Amino acid sequence: MRSKRPGEGLTIESTDDPHPLARNRVRATSPFQGEVTSPIGKTRMFEIFGIPSQALFGQLLIGLINGSFYALLSLGLAVIFGMLNIINFTHGAQYMMGAFVAYFLLQWAGINYWAALVIAPILVGFTGIIVERLFLQWLYKLDHLYGLLLTFGLALVIEGVFRNYFGSSGLPYRIPDALQGGQNLGFMFLPNYRAWVVVFSLAVCLATWFVIERTRLGAYLRAATENPTLVRAFGINVPRMITLTYGFGVALAALAGVMAAPIYNVSPQMGSHLIIVVFAVVVIGGMGSIMGAIVTGFGLGLIEGLTKVFFPEASNTVIFIIMAIVLIIRPAGLFGRRV
Amino acid sequence: MTDAALETLLLVEDLQAWYGESHVLHGVTFDVRSGEVVTLLGRNGAGKTTTLKAVMGIIGTRTGSVRYEGRELIGLASNQIARAGLAFCPEERGIFASLDVEENLLLPPEVRPGGLTTAQVFELFPNLKERLRSQGTKLSGGEQQMLAIGRILRTGARLVLLDEPTEGLAPVIIQQIGRTIHMLKSRGFTILLVEQNFRFASTVADRYYVMEHGRIVDGFANAELERNVEKLHDYLGV
Ligand SMILES: Nc1ncnc2c1ncn2[C@@H]1O[C@H](COP(=O)(O)OP(=O)(O)OP(=O)(O)O)[C@@H](O)[C@H]1O
Ligand SMILES: [Mg+2]
């Protein structure tokens, strides 16, 4: 039995759309778009700046969804960069691995989405720990470039292996039963699964922020980011902390991958598509800042969504345009602490 | 007072250390007995800081022997050395900018029971208590030094390594640090102090070692200070 394509239950388009132009606009967008129209077809229509509310709020929702993934992924990158001084180009591949593990768990073991949300990050995080012990630990004292080349190469290898076995067409992953369907909010239709992704990502991001900025463990992490030698001389096993930090950053990527599986198809190149935008987000936010990664992630997702409505031609490039401007005005990024 | 009956807490023998290719310590040998305050003197670049770092295990390569309570530390990583009961206050103080004063104070984990309580640290350095929420590096130089010393007294370490704690501080604060060292001594702490200011050192030290070019070249007790002042002026070039 072929499981249903993601979003299939959601994309019955309302036939009485009064603004065909707006619909065309919505279509001319990035690979991450989804269509949010009501299966009921009864949401009330009104216009904002000449844009139907459906299109506007629909795009804002898509922006928020993309923003959730940007935030989760750039948060992981920021955490890893802070402790390891390595720009983790494998992040996209690890995100993809998270989605694949969720897919394998469901197809081969019948383990559902909720369990996959826990198991996939642990498994993929564990592969991260192995990568750190085998490769990354030898690179910390060298220039950023070495870590970047190694993680980039690793990403190519991982993606190649997955493409070899699973091809490049996407594999479907069904939305869990509990999150099927959606809410009619009057001005728009809100699919339950998408609401869950936004809320859960936000919760994970804020929890991560809280642990790093407000707890004892976080104080160790921040201190070790500044002066690992001294923290170690206080009796803290800094190398182990670094390994676990990498494992955690990778687990965050895998978690994002599991959440993405029902929205975007599970495919070997899903990570490399997304990660390019995420790196732009990271550059805009500034590498070292946790809150910066979260705010910039969600913010740029929204900006991208709005651009799709008001100036769709630029929707694929708006983030890179912002990046260029930020690099000129604030090379360290909007929230960056160091240059 | 040198009392041969006191048990040797730290015994350093033929300690050699390198920064990359450059050989900095050429066989340092000295000992510190339980409950003593021992001061390392020497000119700039003599190797005093390097000696503390080599004991603490935070220098690239080192050979020789560092025994603490009879246990060999030379092969251990610095986090294990700290867990053995040594604590280090670096010359540059090492206050963390991304931590507030309280987080800085509570950062070093307890390695053994019997350290000062946070309340006792505040009693010693009342300034800290009023600045708990400030960013660590927003404190004045003197307050940062108090924080750097205060935070390692909580850990229960019995041997405290202090690298030039009075450097660049006002006389009142130097006196406060002197009182702290006396208090620590009375509570049974053992202190290995690095100082350029031998007038200050003479108010707290039991014994001195003089370093030159990565070696210990002389050593004497505080009681013999008078007799050695001439020589000391030579060594230190004052
Ligand atoms: N990180 C380093 N890399 C290379 N050489 C170093 C390093 N730190 C110190 N040195 C060299 O090692 C020697 C001893 O330095 P050390 O810092 O131990 O001197 P010191 O006695 O503490 O001097 P000061 O009184 O100025 O603090 C000096 O010649 C110094 O130039
Ligand atoms: Mg020094």
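Any residue in segment A:132-149 that's in the same structural domain as A:GLY247 (by TED's automatic domain parsing): show its pairings with residues that are of a type in the set (Phe, Trp, Tyr) at Cβ separation under 7 Å, as long as the two are six or more apart or on different chains.
Within 7 Å, the pairs are A:GLU132/A:TYR246; A:LEU136/A:TYR246; A:LEU139/A:TYR146; A:LEU148/A:PHE89.
In this structure, does A:ILE158 turn out to be more than 17 Å from A:ASN85 (Cα to Cα) and in a loop (DSSP other than H, G, I, E, B)?
Values: more than 17 Å from A:ASN85 (Cα to Cα): yes; in a loop (DSSP other than H, G, I, E, B): no.
Criteria not met by A:ILE158.
Being part of a strand (DSSP E or B) and crowded, with 22+ Cβ neighbours inside 10 Å is the filter here, so list the residues in segment B:200-211 that pass it.
The answer is B:TYR208, B:TYR209, B:VAL210, B:MET211.
Which one is nearest to A:VAL250 (Cα to Cα), of the residues in segment A:66-124 that are in a helix (DSSP H, G or I) and among the polar types (S, T, N, Q)? So that I can check it myself, show each step before the final result.
From segment A:66-124, those in a helix (DSSP H, G or I) are A:66-84, A:91-109, A:113-124; that's our starting set.
Still in the list and also among the polar types (S, T, N, Q): A:66, A:68, A:74, A:94, A:107.
Values: A:ASN66: 19, A:SER68: 16, A:SER74: 11, A:GLN94: 6, A:GLN107: 23 Å.
Residue satisfying both the conditions and the ranking: A:GLN94.
Consider B:PRO109 against the criteria (1) modelled with pLDDT under 95; (2) part of a loop (DSSP other than H, G, I, E, B): it satisfies all of them except one. Which criterion is unmet?
Every condition holds for B:PRO109 apart from (1).
For the structure I just gave you, tell me whether A:LEU142 is under 30 Å from A:LEU334 (Cβ atoms) and open to solvent by 60 Å² or more (accessible area, probe 1.4 Å).
Working: under 30 Å from A:LEU334 (Cβ atoms): yes; open to solvent by 60 Å² or more (accessible area, probe 1.4 Å): yes.
So A:LEU142 fits the description; yes.
So A:GLY333 fits all but one of (1) in a loop (DSSP other than H, G, I, E, B); (2) crowded, with 19+ Cβ neighbours inside 10 Å; (3) at negative phi; (4) of a type outside the set (D, E, K, R); what number is the exception?
Single failed check for A:GLY333: (3).
Does any residue of segment B:34-52 turn out to be over 27 Å from B:ARG207 (Cα atoms), open to solvent by 10 Å² or more (accessible area, probe 1.4 Å) and more than 16 Å from ligand 2 (Cβ to nearest atom)? Can you show your working first?
Restricting attention to segment B:34-52, the residues satisfying the condition of being over 27 Å from B:ARG207 (Cα atoms) are none.
No, that holds for no residue.
Do we have any residue at all in segment B:190-199 that's within 24 Å of B:LEU15 (Cβ to Cβ), more than 16 Å from ligand 2 (Cβ to nearest atom) and surrounded by 15 or more Cβ atoms within 10 Å (Cβ to Cβ)?
Restricting attention to segment B:190-199, the residues satisfying the condition of being within 24 Å of B:LEU15 (Cβ to Cβ) are B:190-196, B:198.
Applying the additional criterion that residues be more than 16 Å from ligand 2 (Cβ to nearest atom) yields B:190-191.
From the residues that got through so far, the ones that are surrounded by 15 or more Cβ atoms within 10 Å (Cβ to Cβ) too are B:190-191.
Checked against the condition, which is being within 24 Å of B:LEU15 (Cβ to Cβ), more than 16 Å from ligand 2 (Cβ to nearest atom) and surrounded by 15 or more Cβ atoms within 10 Å (Cβ to Cβ), segment B:190-199 yields at least one hit.
Answer with yes or no whether B:LEU116 is open to solvent by less than 40 Å² (accessible area, probe 1.4 Å), at negative phi and away from chain A (no Cβ under 14 Å). Show your work before the answer.
Values: open to solvent by less than 40 Å² (accessible area, probe 1.4 Å): yes; at negative phi: yes; away from chain A (no Cβ under 14 Å): yes.
Yes.
Restricting to segment B:16-25, give me the number of residues that are modelled with pLDDT of 95 or more and away from ligand 2 (no atom under 16 Å from the Cβ).
Residues flagged as modelled with pLDDT of 95 or more and away from ligand 2 (no atom under 16 Å from the Cβ) within segment B:16-25 amount to 3.
Does B:LYS48 meet the test of being more than 13 Å from chain A (Cβ to nearest Cβ) and at pLDDT 95 or above? Lay out the reasoning, then the answer.
Numbers: more than 13 Å from chain A (Cβ to nearest Cβ): yes; at pLDDT 95 or above: yes.
When the stated conditions are applied, B:LYS48 passes them.
Scan segment A:303-311 and give yes if some residue there is over 26 Å from A:ALA254 (Cα atoms), open to solvent by 30 Å² or more (accessible area, probe 1.4 Å), assigned to a loop (DSSP other than H, G, I, E, B) and in the same structural domain as A:ILE86 (by TED's automatic domain parsing), otherwise no.
Looking only at segment A:303-311, we keep the residues that are over 26 Å from A:ALA254 (Cα atoms), and these are A:306-311.
Retained after the next criterion (residues that are open to solvent by 30 Å² or more (accessible area, probe 1.4 Å)): A:306, A:310-311.
From what's left, assigned to a loop (DSSP other than H, G, I, E, B): A:311.
Adding the requirement that they be in the same structural domain as A:ILE86 (by TED's automatic domain parsing) leaves A:311.
Scanning segment A:303-311 turns up at least one residue that is over 26 Å from A:ALA254 (Cα atoms), open to solvent by 30 Å² or more (accessible area, probe 1.4 Å), assigned to a loop (DSSP other than H, G, I, E, B) and in the same structural domain as A:ILE86 (by TED's automatic domain parsing).
B:LEU41 fails exactly one of the following numbered conditions: (1) within 14 Å of ligand 1 (Cβ to nearest atom); (2) part of a strand (DSSP E or B); (3) farther than 27 Å from B:LYS231 by Cα. What is the number of that condition?
Every condition holds for B:LEU41 apart from (3).
Pairs, please: C-beta under 7 Å, at least 6 apart or cross-chain, first residue without any contact (Cβ under 8 Å) to a residue 60 or more places away in the chain and on the phi < 0 side of the Ramachandran plot and in segment A:160-179, second of a type in the set (A, V, I, L, M) and assigned to a helix (DSSP H, G or I)?
The qualifying pairs do not exist here.
Checking B:ARG215 against (1) out of contact with any helix residue (DSSP H, G or I) (no Cβ under 8 Å at 6 or more places or on another chain); (2) crowded, with 21+ Cβ neighbours inside 10 Å; (3) of a type outside the set (A, V, I, L, M, F, W, C), only one condition comes out false. Which one?
Of (1) out of contact with any helix residue (DSSP H, G or I) (no Cβ under 8 Å at 6 or more places or on another chain); (2) crowded, with 21+ Cβ neighbours inside 10 Å; (3) of a type outside the set (A, V, I, L, M, F, W, C), only one is false for B:ARG215: (2).
Filter segment B:169-189 down to the residues that are open to solvent by 10 Å² or more (accessible area, probe 1.4 Å) and of a type in the set (Val, Ile, Thr), then identify the one that is nearest to ligand 1 (Cβ to nearest atom).
Ranking the qualifying residues of segment B:169-189, first place goes to B:ILE174.
Search segment B:155-167 for residues that are within 13 Å of another protein chain (Cβ to nearest Cβ) and pair each with any residue that is within 16 Å of ligand 1 (Cβ to nearest atom) and among the hydroxyl-bearing types (Ser, Thr, Tyr) when their beta-carbon atoms are under 6 Å apart and the residues are at least 6 apart or on different chains.
Pairs that qualify, where the first residue is within 13 Å of another protein chain (Cβ to nearest Cβ) and the partner is within 16 Å of ligand 1 (Cβ to nearest atom) and among the hydroxyl-bearing types (Ser, Thr, Tyr), are B:ASP163/B:THR49.
Residues of segment B:88-101 being open to solvent by less than 30 Å² (accessible area, probe 1.4 Å) and within 16 Å of ligand 2 (Cβ to nearest atom), which ones?
B:PHE88, B:CYS89, B:PRO90, B:GLY94
Is it true that A:GLY160 is open to solvent by 20 Å² or more (accessible area, probe 1.4 Å), more than 14 Å from chain B (Cβ to nearest Cβ) and in contact with a strand residue (DSSP E or B) (Cβ under 9 Å, 6 or more places away or on another chain)? Before you say what the answer is, go through the steps one by one.
Values: open to solvent by 20 Å² or more (accessible area, probe 1.4 Å): yes; more than 14 Å from chain B (Cβ to nearest Cβ): yes; in contact with a strand residue (DSSP E or B) (Cβ under 9 Å, 6 or more places away or on another chain): no.
Taking the combined requirement at face value, the residue does not satisfy it.
Given the condition crowded, with 22+ Cβ neighbours inside 10 Å and aromatic (Phe, Trp, Tyr), answer yes or no: does some residue in segment A:222-236 qualify?
Looking for residues that are crowded, with 22+ Cβ neighbours inside 10 Å and aromatic (Phe, Trp, Tyr), one finds at least one in segment A:222-236, hence yes.
Can you tell me which residues in segment A:175-223 are of a type in the set (A, V, I, L, M, F, W, C), within 14 Å of chain B (Cβ to nearest Cβ) and more than 16 Å from A:PHE248 (Cα to Cα)?
Going residue by residue through segment A:175-223, those that are of a type in the set (A, V, I, L, M, F, W, C) are A:175, A:178-179, A:185, A:187-190, A:195-200, A:202-207, A:209-212, A:217, A:219, A:221, A:223.
Now restrict to residues that are within 14 Å of chain B (Cβ to nearest Cβ): A:209, A:211-212, A:217, A:219, A:221, A:223.
Passing the criteria: A:ALA219, A:ALA223.
Based on what the data block shows, is B:VAL28 away from ligand 2 (no atom under 16 Å from the Cβ), modelled with pLDDT of 95 or more, open to solvent by less than 30 Å² (accessible area, probe 1.4 Å) and β-branched (Val, Ile, Thr)? Please lay out each step first, then the result.
Numbers: away from ligand 2 (no atom under 16 Å from the Cβ): no; modelled with pLDDT of 95 or more: yes; open to solvent by less than 30 Å² (accessible area, probe 1.4 Å): yes; β-branched (Val, Ile, Thr): yes.
Criteria not met by B:VAL28.
Looking only at residues in segment B:103-113 that are facing chain A (nearest Cβ under 7 Å) and not aliphatic (A, V, I, L, M), which one is surrounded by the fewest Cβ atoms within 10 Å (Cβ to Cβ)?
B:PRO109
Being within 23 Å of B:VAL121 (Cα to Cα), part of a loop (DSSP other than H, G, I, E, B) and within 8 Å of chain A (Cβ to nearest Cβ) is the filter here; which residues of segment B:60-102 pass it?
The answer is B:PRO90, B:GLY94, B:PHE96, B:ALA97, B:SER98, B:LEU99.
Can you pull out the residues in segment A:314-329 that are open to solvent by 20 Å² or more (accessible area, probe 1.4 Å) and at pLDDT below 90?
Correct list: A:ASN316 only.
Would segment B:74-87 turn up any residue that is more than 16 Å from ligand 1 (Cβ to nearest atom), closer than 21 Å to B:ILE216 by Cα and open to solvent by 30 Å² or more (accessible area, probe 1.4 Å)? First the steps, then the outcome.
Going residue by residue through segment B:74-87, those that are more than 16 Å from ligand 1 (Cβ to nearest atom) are B:74-77, B:79-87.
Remaining after also requiring closer than 21 Å to B:ILE216 by Cα: B:74.
Add one more test, that the residue is open to solvent by 30 Å² or more (accessible area, probe 1.4 Å), and what stays is B:74.
For segment B:74-87, residues more than 16 Å from ligand 1 (Cβ to nearest atom), closer than 21 Å to B:ILE216 by Cα and open to solvent by 30 Å² or more (accessible area, probe 1.4 Å): present.
Return the total of residues in segment B:167-189 being within 16 Å of ligand 2 (Cβ to nearest atom) and at pLDDT 95 or above.
Kept after step one, since they are within 16 Å of ligand 2 (Cβ to nearest atom), are these residues of segment B:167-189: B:167-169.
If we keep only those that are at pLDDT 95 or above too, we end up with none.
Going through segment B:167-189 one residue at a time, the tally reaches 0.
The values are calculated or read from the model by the stated rules, or taken from the named source; none is laboratory data. Quick caveat: nothing in here was measured; it's all calculated off a predicted structure. So basically every Cβ, Gly included, is an ideal-geometry build from the backbone, and we count neighbours across all protein chains shown. Just the protein is used for accessible areas: all its heavy atoms, side chains included, with ligands, DNA and RNA removed. Shrake-Rupley method; radii C 1.70, N 1.55, O 1.52, S 1.80 Å.
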